[in-house]
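Heads up, the thing below is written out as structure tokens.
The values are calculated or read from the model by the stated rules, or taken from the named source; none is laboratory data. Because the structure is predicted, anything quoted here is derived from the model rather than measured. Quick reminder, even Gly has a Cβ in these numbers, built from the backbone with ideal geometry, and neighbours come from all protein chains shown. Each accessible area value is taken on the protein alone, full model and side chains, heavy atoms only, with ligands, DNA and RNA left out. Shrake-Rupley method; radii C 1.70, N 1.55, O 1.52, S 1.80 Å.
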Amino acid sequence: MDRVGPTLLHAVLLPEECPAAADVVIAEAGGAHVAAGDLVLGVGITTVADAVSLVRHSAAQQAAAVLFKPPLVTKPALRRAAQGAGIALISVRNAAAWAQLVWLLRTVLDAVSGDDTTDDEYGLGSGDLFRLADAVAAVVDAPVTIEDTNSRVLAYSARQDLTDSARVSTIMGRRIPDDVLAKFRSRGVFRELSRGRQTIFVPAQKDGTLPRLIVPIRMGGELLGSMWAVVTGPVSDERAAAFADSAPVVALHLLRRRAHADAQRRASAELLRAVLEGKVGPRKAIAELELTEEPHRVVIVDPGNPDAEGVRLALLERISQGIGRRPVATELGGALYAVVPDGDGPGSWTELRAALAELPDAHRVAAGAPVEIGALASSRLQAEETLGLLRAGLLDGRVGSFDELWTAVALHRAATAAGSARVAELGPLETLRAHDEANRTEYVDTLYEWLRFPGDPRAAARALRIHPNTFRYRIRRLLEIVPLDLDDPDTRLALLVQLISLRWA
């Protein structure tokens, strides 16, 4: 009573001596399964007669206390029964969710017994969420999963062996399988969840899938996830209401858990930025970012809309679905930077690339070459250079890696250097460019393709999308405009350097 506090509990009757509290149980009328030291919660009790029966049976089993909500707990007959049986009678505030109470009481009992397995100082560990799932399952008397908005399992209760194959697959894969999702979607389950229905009952299906009682988890109008109970059939109004009442408790837990995860993500992001800038050594990167010692790549995902709030986090969530290991990622300059192992293993560049291929066309993806952890800063520079080529439209497609596109990188670097030296201004090329601009001809492009495909006018014509005879005519005509000795190899090389500087800079 002292630990939980008067916000949730109020003592109606406390005998001079009480058995030591040992566990929390949800009891039906008659009090089956009540044992010595139990804190007995009368969740499904609706009549005074059933409440009196539960009080007497619990006292006979040496339970520690019986807990009810008003108005039942205020009935004189119930108080007289508790006083006569010598058992504590506790009133639970109407606003309190039964699942919240189960969770809090078990947390207190674990702390008293020294069996507190909370994973962190805020009580936000995954083990705590599993205990909360157990508390909710006790309230609804059915195996429960707690899932996020992407149908990924965050925690599940005990007794999952009493469910069906769909639930087993969900637990094993930590996500509702696609075929099962399609069945529930066709029944309008997710539409009802988005509308904020208090509880959704889905009857049994012909394939053997058992009934489900589903409750949305919301906070401040935001859908945070849902809870799914595998039931044997329709659930009483009292238990359904208690199940729905537990949603705010889970929502609070998920919000606190998300805030804690966000803080950890920010810390990891700051460390990763330092790694990408070459300010952190490989040992610290491997230890604190949980990287392996194998070669890694820096991958940049350009969302195409750097000003959209939250777009990069949503992007990270999306590309993380279905891959073996979540990328280590951060934001820089409006783009998402991720570090992934090279090769074909879980969470590798190969796996991530396949996931990225499903993104909208507005996204561009560039990867640096695979390097040791200590050289990630160089892989970052390579990825940025590749992304620059993608943004400039100098590469086909929207996904590329530095090591695969080395020819384009070499041409771009050569063009940049040649542009700085103003090589395009030398010789008769300026005259040909001026003629094209004045007469709307395409002789410069024709010369470029002739140099790219020496001795193959058909291939050059295909690149220009013209007939080979038209291509031959253009070559004769441009040679009339500018004096070029195309038989001289040095002339051809000089012209190619000039034209590359124009097209690739």
Kindly provide the set of residues from the range 137-181 that are touching a residue at least 12 places away in the same chain (Cβ under 8 Å), β-branched (V, I, T) and in a helix (DSSP H, G or I), ordered by number. V139, V140, T170, I171, V180
S151 - would you say it is over 23 Å from D38 (Cα atoms), open to solvent by 50 Å² or more (accessible area, probe 1.4 Å) and small (G, A, S)? no
V52: passes all of (1) of a type in the set (A, V, I, L, M, F, W, C); (2) out of contact with any strand residue (DSSP E or B) (no Cβ under 8 Å at 6 or more places or on another chain); (3) at pLDDT 85 or above; (4) in a loop (DSSP other than H, G, I, E, B) but (4)
What residue, among those in the range 63-97 that are surrounded by 14 or more Cβ atoms within 10 Å (Cβ to Cβ) and polar (S, T, N, Q), is nearest to L41 (Cα to Cα)? S91
Being part of a loop (DSSP other than H, G, I, E, B), more than 26 Å from T47 (Cβ to Cβ) and at pLDDT 90 or above is the filter here; which residues of the range 210-240 pass it? L210, P211
What pairs come up if the first residue lies in the range 234-248 and is in contact (Cβ under 8 Å) with a residue 60 or more places away in the chain, the second is small (G, A, S) and not in a loop (DSSP other than H, G, I, E, B), and their beta carbons are under 6 Å apart, counting only those six or more places apart or on different chains? S246/A99
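Of all residues in the range 184-209, which are aliphatic (A, V, I, L, M) and either open to solvent by 20 Å² or more (accessible area, probe 1.4 Å) or in a loop (DSSP other than H, G, I, E, B) (or both)?
A204
Suppose we filter the range 455-505 for residues that are of a type in the set (F, W, Y) and modelled with pLDDT under 90; how many remain?
Residues in the range 455-505 being of a type in the set (F, W, Y) and modelled with pLDDT under 90: 1 in total.
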Could you list, in sequence order, all residues of the range 361-385 that are farther than 18 Å from T292 by Cβ and touching a residue at least 24 places away in the same chain (Cβ under 8 Å)? D361, A362, H363, R364, V365, A366, A377, R380, Q382, A383, E384, E385
Residues in the range 340-359 that are in contact with a helix residue (DSSP H, G or I) (Cβ under 7 Å, 6 or more places away or on another chain), in contact (Cβ under 8 Å) with a residue 24 or more places away in the chain and open to solvent by 50 Å² or more (accessible area, probe 1.4 Å): how many? 1
Scan the range 418-444 for residues that are open to solvent by 60 Å² or more (accessible area, probe 1.4 Å) and either among the hydroxyl-bearing types (S, T, Y) or in a helix (DSSP H, G or I) (or both) and report the count. 8
Checking the structure you have, find out if any residue of the range 485-494 is surrounded by 15 or more Cβ atoms within 10 Å (Cβ to Cβ) and closer than 29 Å to G393 by Cα. yes
Could you list, in sequence order, all residues of the range 129-150 that are within 15 Å of V230 (Cβ to Cβ) and under 21 Å from the mean Cα position of the chain (by Cα)? A133, T145, I146, E147
Output the residues belonging to the range 463-499 that are of a type in the set (V, I, T) and more than 14 Å from W450 (Cβ to Cβ). I481, V497
